[in-house]
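To start, the structure under review is shown below, and the notes come after it.
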Amino acid sequence: MLAVILITQGCSTRPGWSRYEMYFGLSTDSGHTRIPDQQWQAFRDQEIVSRFPDGFTLYRGNGYWRNDFDTYREPSELLMVVAPDIEATQKKLNEIAQAYIQRFHQQAVLQIKSQAVIRFHSPAKLEGATPHAH
C-alpha cells in the first residue's frame, strides 16, 4: 500500500504551490473615512514587503459590502501571493491580516486560497552562444 501511495504522489516531498489573495478595505467608519495612501504604503512596506521579499502583486479595486440595511462601496487593495503551500506561508498571511485589523481598526480581512500550477518562463538558451560578461 505504501508503494502505491509513493508512486501516485511521485515520491516528491516538495510542497505544492497555492495562490493566496487578501482583500484590504481602505476605509473605516462604514466607508466614511479613507485610509491615506501614505499610511497604506507604510503598512505595505513594513508588513507585506518584509514577509514576502521575493515578490507579490497588488491591485487597486472597489469593494462592495452590505450590512443589515445598506450596501457600501470602498476603495480596496488586493494582495496576490503565489507561494509554497506550507504552514510558514499561512503564518505570514495571518500576521499581515492581524496587523491590518489592529492598525486600521477593521472588522475583517478576506483571504482566498486556491491551488496553483506554476511555470516560470525564461529566455531560451541559444545553442553555441557565448555567455556575456556583466
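Values quoted throughout were computed directly from the atomic coordinates according to the rules given, and no laboratory measurement underlies them. All values reported here derive from a predicted model rather than from experimental measurement. Positions of Cβ are backbone-derived with ideal geometry, glycine not excepted, and every protein chain shown enters the neighbour counts.
For region 15-116, relative contact order (Cα pairs under 8 Å, six or more residues apart, normalised by length) works out to 47 percent.
Each residue in His121, His32 was given a count of other beta-carbon atoms within 10 angstrom of its own, and listing them fewest first yields His121, His32. In this simple spin-label approximation, Leu110 and Asp68 carry label points 7 Å from Cα along the Cα→Cβ vector, and these lie 2.2 nm apart.
Using 0.36 nm per residue and subtracting the Cα-Cα separation, the extra length available between Val117 and Gln41 on full extension is 24.3 nm. With neighbours defined as other Cβ atoms within 10 Å of a residue's Cβ, the residues Met80, Met22 order from fewest to most as Met80, Met22. Counting charges near Tyr20 (Lys, Arg +1; Asp, Glu -1) among other residues having Cβ under 15 Å from its Cβ returns a value of -2.
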